[in-house]
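Worksheet: the structure to be examined is printed underneath.
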Amino acid sequence: MLAGKKILLIITGGIAAFKAIDLIRLIKKAGGEVQPILTASAEEFVTPLTAGTLAGNAALTDLFDLTRESEIGHIELVRDADLIVVAPCTANFMAKMANGLADDLASTAILARDKHVIVAPAMNVKMWSAAPTQRNLKLVVDDGMQIVGPVSGEMACGEFGPGRLAEPETVFAAIQDYFFTFSENLPLKGKRILVTSGATREPLDPVRYLSNASSGKQGTAIAASLRAAGAEIEFVTGAADVPPPNGVNVTQITTAQDMYDAVHETLPCDVAIFCAAVSDWRPKDAGSEKIKKKGDGKAPSVEMVLNPDILKSVAALEPGERPQLVIGFAAETENVVKHARAKYERKGCDWLLANDVSESSGTFGGDSNVIIFFDKQGHQEWTQMSKAEVGLKLTNRIASFLKHPD
Ligand SMILES: Cc1cc2nc3c(=O)[nH]c(=O)nc-3n(C[C@H](O)[C@H](O)[C@H](O)COP(=O)(O)O)c2cc1C
């Protein structure tokens, strides 16, 4: 699966460094080549001998290694790779990547990179949630790096929370997804895919509206991933905290009715993905003047009417007009499986991705998601992953469906 692919694996000095050994095994098993680089701190946790022996390539540690530098310089090392993976990535190394430090072989390789980078952070929960780490995380994401994990769980230090390294299998899956999605033989070339994203806004009066906290991050990540796989993307978006991805056709809308109209104007397409958080209702009469505070001290009552059901309307189209694959999202705050299954059955879509958007989940506005995936075979729980990974996983699933429809 990874035959001929060269992966530069940077191992930094965290307690989870031993898991990088399992990752090397997985990559090798899939036919990939691994060139390990260890930071000086990583050598405290795993030996270069272990990493190098398993990889079948001597692990590199020293920027000023004259023998190696004369054989393959640090710049060629990066040019030679197809992908760079940092696993585990310490808080310190994240800070170095974010700020362009290049004071050892690992950080110099990152700064000299011309390849995609997958980063799997691992650290104590307080270190992960510390403001500087979160600032650095944002910087590396803005620089185009892909973050895998961390996941929540018990830490080596006994504390509990996010900060654990994603399992080697999860990091490996991200590597596979990368090569699948970004290969020259783009699997979705020639396919037209509609993605809705963001939040609708329903006016109460000219200055107030009813909306929700959707950030648009998940829809944006899906559109970006599909685009990278060669699809032409029609991106119909409401309000969002993040800009639309590059290279997509954007239709900006405000209300659910606008979104309904834009979706039906955009059809036909091969696949339609409804990731936007659409208001089920709207105020019946959004007057043209601002609602005034009443002198009697009473709050105004607002009569609501139903908005059109966009997902259901597209799923119900006749063959020929209906996209081959209609995919919905369900945002639930309780009994996620039960409510999402009911929605799946009611809407008539082919797949449904349900996520927990309760306040404690951190899904709305956050960078990770836990998806429960429904299709006609039943449902599967995906492990917690970044929204970018959800995009890659969905992209791969769509590509294999379109190749071999059920
Ligand atoms: C026992 C031990 C465990 C550590 N585990 C982690 C860890 O999981 N994550 C982390 O960010 N730092 C961890 N550190 C701190 C890093 O080793 C330290 O910040 C170091 O400077 C990182 O260097 P590097 O980023 O160049 O590898 C640990 C330190 C010790 C002594």
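The values are calculated or read from the model by the stated rules, or taken from the named source; none is laboratory data. Keep in mind the model is a prediction, meaning the values are calculated, not measured. In this analysis, Cβ positions are derived from the backbone assuming ideal geometry, glycine residues included, and neighbour counts consider all displayed protein chains.
Odds and ends about this structure:
- Residues that are touching a Cys at 6+ places or on another chain (Cβ under 9 Å) and either among the hydrophobic types (A, V, I, L, M, F, W, C) or surrounded by fewer than 19 Cβ atoms within 10 Å (Cβ to Cβ) (or both), drawn from the stretch 222-265: Ile222, Ala223, Glu232
- Pick from the stretch 23-60, criterion in a helix (DSSP H, G or I) and within 16 Å of the ligand (Cβ to nearest atom), ranking: nearest to Ala122 (Cα to Cα): Ala42
- Index of the failed condition, Asn136 passing every other in (1) assigned to a helix (DSSP H, G or I); (2) within 8 Å of the ligand (Cβ to nearest atom); (3) within 21 Å of the chain's Cα centre (by Cα): (2)
- Being of a type in the set (Asp, Glu) and in a loop (DSSP other than H, G, I, E, B) is a property that holds for Asp114.
- Test: residue in the stretch 98-121 that is more than 30 Å from Phe64 (Cβ to Cβ) and either touching a strand residue (DSSP E or B) at 6+ places or on another chain (Cβ under 9 Å) or without any contact (Cβ under 8 Å) to a residue 40 or more places away in the chain (or both): no
- Within the stretch 154-195, tally of residues that are of a type in the set (A, V, I, L, M) and at pLDDT below 85: 4
- Looking only at the stretch 4-22, and only at residues there that are within 9 Å of the ligand (Cβ to nearest atom) and either charged (D, E, K, R) or in a helix (DSSP H, G or I) (or both), the one that is surrounded by the fewest Cβ atoms within 10 Å (Cβ to Cβ): Ile15
- From the list Asp103, Asp114, the lone residue that is more than 14 Å from the ligand (Cβ to nearest atom) and in the same structural domain as Leu165 (by TED's automatic domain parsing) is Asp114.
- Leading residue by the ranking (surrounded by the fewest Cβ atoms within 10 Å (Cβ to Cβ)) among those in the stretch 85-100 that are within 13 Å of the ligand (Cβ to nearest atom) and small (Gly, Ala, Ser): Ala95
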